[in-house]
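Peer 1: Got a structure for you, written out below as structure tokens; questions coming shortly.
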Amino acid sequence: MSDETSTGIASDADRVVEGLHRIDQKVDDLRNQRLNDPDSLGDKLVKSAVPALAGLVAGKLFQIAWDKGAARRNVIKGLAADAPQGLAMSLAFAAISAAFGAIVSQLSNQGSQAFVERRHRKASR
């Protein structure tokens with residue numbers, strides 16, 4: 001085996017070992033981050049489930065209210081209560097519903113975060 005070939009193999013092996021050291025360091029960093037995370041599994045569930053459920057419930061309540069209002073408008077106009085809405089009303093519903101859902105989701109996200117932080121403060125006393 002020539003000197004150039006063994007030097008090439010050694011440098012390739014050094015690069016592979018260096019890459020494995022970087023991966024090992026990243027795994028150690030992620031493990032330390034997970035172990036030092038103050039949120040328990042329950043805290044993470046509260047912070048993700050509460051906003052999702054609040055947005056779902058608020059969206060459904062908004063849809064029920066919209067449908068009742070649309071049925072009332074249709075009856076006033078002399079149409080059947082379940083007559084289809086026009087394009088403009090469908091677009092208005094989509095825009096208002098999305099805005100309402102985003103507001104409720106954001107507020108419930110902040111509320112669940114505050115709840116978890118308060119639990120952490122009480123536990124540290």
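Peer 1: Which one of 103, 64, 76 has the biggest mean-square fluctuation once the chain is modelled by GNM with Cα springs under 10 Å?
Peer 2: Comparing 103, 64, 76 in the GNM, the peak value goes to 76.
Peer 1: At q = 0.14, 0.17, 0.19, 0.20 Å⁻¹, what log₁₀ I(q)/I(0) does a Debye calculation on the Cα points of the stretch 1-110 give, no solvent, two decimals?
Peer 2: Here log10 of I(q) over I(0) equals -0.78, -0.92, -1.00, -1.04.
FYI, it's all coordinate maths here, none of it is from the lab. Since the model is a prediction, treat every value here as computed from it, not as a measurement.
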